1. Out of the residues in region 163-180 that are in contact (Cβ under 8 Å) with a residue 60 or more places away in the chain and not in a helix (DSSP H, G or I), state the one that is farthest from the ligand (Cβ to nearest atom).
2. Every residue in region 9-36 that is open to solvent by 60 Å² or more (accessible area, probe 1.4 Å), in a loop (DSSP other than H, G, I, E, B) and touching a helix residue (DSSP H, G or I) at 6+ places or on another chain (Cβ under 8 Å), please.
3. Are any residues in region 178-195 under 17 Å from K18 (Cα atoms), open to solvent by less than 10 Å² (accessible area, probe 1.4 Å) and more than 13 Å from the chain's Cα centre (by Cα), and if so, which ones?
4. If I go through region 224-277 residue by residue, how many of them are within 13 Å of the ligand (Cβ to nearest atom), under 22 Å from N16 (Cα atoms) and without any contact (Cβ under 8 Å) to a residue 40 or more places away in the chain?
5. Which residue pairs have Cβ atoms under 7 Å apart, sit 6 or more places apart or on different chains, and have a first residue in region 115-139 that is β-branched (V, I, T) and a second that is assigned to a helix (DSSP H, G or I) and surrounded by fewer than 20 Cβ atoms within 10 Å (Cβ to Cβ)?
6. Scan region 85-98 and tell me whether some residue there is touching a Leu at 6+ places or on another chain (Cβ under 8 Å) and more than 25 Å from N158 (Cβ to Cβ).
7. Given I65, I125, which one is away from the ligand (no atom under 16 Å from the Cβ) and either outside any strand (DSSP E or B) or of a type in the set (K, R) (or both)?
8. Check whether at least one residue in region 101-110 is free of Cβ contacts under 8 Å to residues at least 40 places away in the same chain and either of a type in the set (S, T, Y) or within 16 Å of the ligand (Cβ to nearest atom) (or both), and report yes or no.
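The values are calculated or read from the model by the stated rules, or taken from the named source; none is laboratory data. Quantities reported herein were computed from a predicted structural model and do not represent experimental measurements. When we count neighbours, we look across all protein chains shown, and the Cβ atoms used for this are built from the backbone with ideal geometry, even at glycine. Heads up: the accessible areas ignore ligands, DNA and RNA and are worked out on the full protein's heavy atoms, side chains in. Shrake-Rupley method; radii C 1.70, N 1.55, O 1.52, S 1.80 Å.
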Amino acid sequence: MKQTMIPGADSAITRNDKSLILAYDHGLEHGPVDFEPNPATADPDRVFDIGTHDGVTAVAVQKGIAEGYYPSYEDDVTLLAKLNGTSNLWMGEPNSAVNWTVENAAEVGADAIGFTVYGGSNHEIEMVEEFRDAQEAAREHNMGVVMWSYPRGQGLKNATTPDTIAYSTRLGLELGADITKVKYPGSPEAMAHAVTQAAKSKVVMSGGSKTNDQEFLTTVRNAMDAGANGLAVGRNVFQRDNPEQILDGLEAVIFDEASVADALDRMGVEPSNPEAL
Ligand code: FBP
């Protein structure tokens, strides 16, 4: 098939250039501990149900979850195949096994692939070469490419400094990702620096561990104001008692340019810190 996607192009997993990706690879990356706050989310059906929310542009899962559950959701959910991943049981230098091929992901119905690269790891060279193969195969299948760009490893003392996060987004651009997913670098200015370095490619913020509604929406608002294209989030959605409610707020902030106050209002939630609004 002819290659049609280029970095910066719109794709099946964006809406008006923006993305709200629901990540659900935590059972592999972190283990069952991530489902404890909301035990129903150990069942992939529950999370695919959450992923049918209008605000969600794609659900990112590993192979086994996709094969076992996606057939029931293919009319309502866009699939992002997270191709590599490692368990928390692995204690070595950061690395990530490639768990399925792009060809197989395409057969299961994925519209995009996701791939972690740990820049700075002693395994960076092999990870980048694996990313090359996946990226080129994704182009053949006209699938979007999302890089989880998470610098870590022996040589990196602090992986979320502004310069490291800007380097992360640059890696995504240079290596051919359409969207690069990075940890929030701590301030709107640092996020703007990371967005500048991504040039034509897109940047989404990683959700991180669960925080309160106002705090989380404020970070997302700041990232969007700094030029980010959205969010790829797991725990801050599925660990909540009411995941659909926070998705209402995120949809407002990401796609409707709502203020945090307006997003909380849409959720029917009182601000926890009204002075900060
Ligand atoms: P969260 O929004 O829960 O942080 O999920 C984003 C994500 O990238 C997941 O896809 C992945 O499982 C997890 O974070 C990995 O986080 P870490 O590498 O920091 O353990």
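1. G176
2. N16 - this is the single residue of region 9-36 that is open to solvent by 60 Å² or more (accessible area, probe 1.4 Å), in a loop (DSSP other than H, G, I, E, B) and touching a helix residue (DSSP H, G or I) at 6+ places or on another chain (Cβ under 8 Å).
3. M191, A194 - these are the residues of region 178-195 that are under 17 Å from K18 (Cα atoms), open to solvent by less than 10 Å² (accessible area, probe 1.4 Å) and more than 13 Å from the chain's Cα centre (by Cα).
4. 1
5. V117/V128
6. First, pick out the residues of region 85-98 that are touching a Leu at 6+ places or on another chain (Cβ under 8 Å): 85-87, 98.
Retained after the next criterion (residues that are more than 25 Å from N158 (Cβ to Cβ)): 98.
Yes, because at least one residue in region 85-98 is touching a Leu at 6+ places or on another chain (Cβ under 8 Å) and more than 25 Å from N158 (Cβ to Cβ).
7. Values: I65 fails: away from the ligand (no atom under 16 Å from the Cβ).
Just one listed residue meets the conditions, I125.
8. Checked region 101-110: at least one residue is free of Cβ contacts under 8 Å to residues at least 40 places away in the same chain and either of a type in the set (S, T, Y) or within 16 Å of the ligand (Cβ to nearest atom) (or both).
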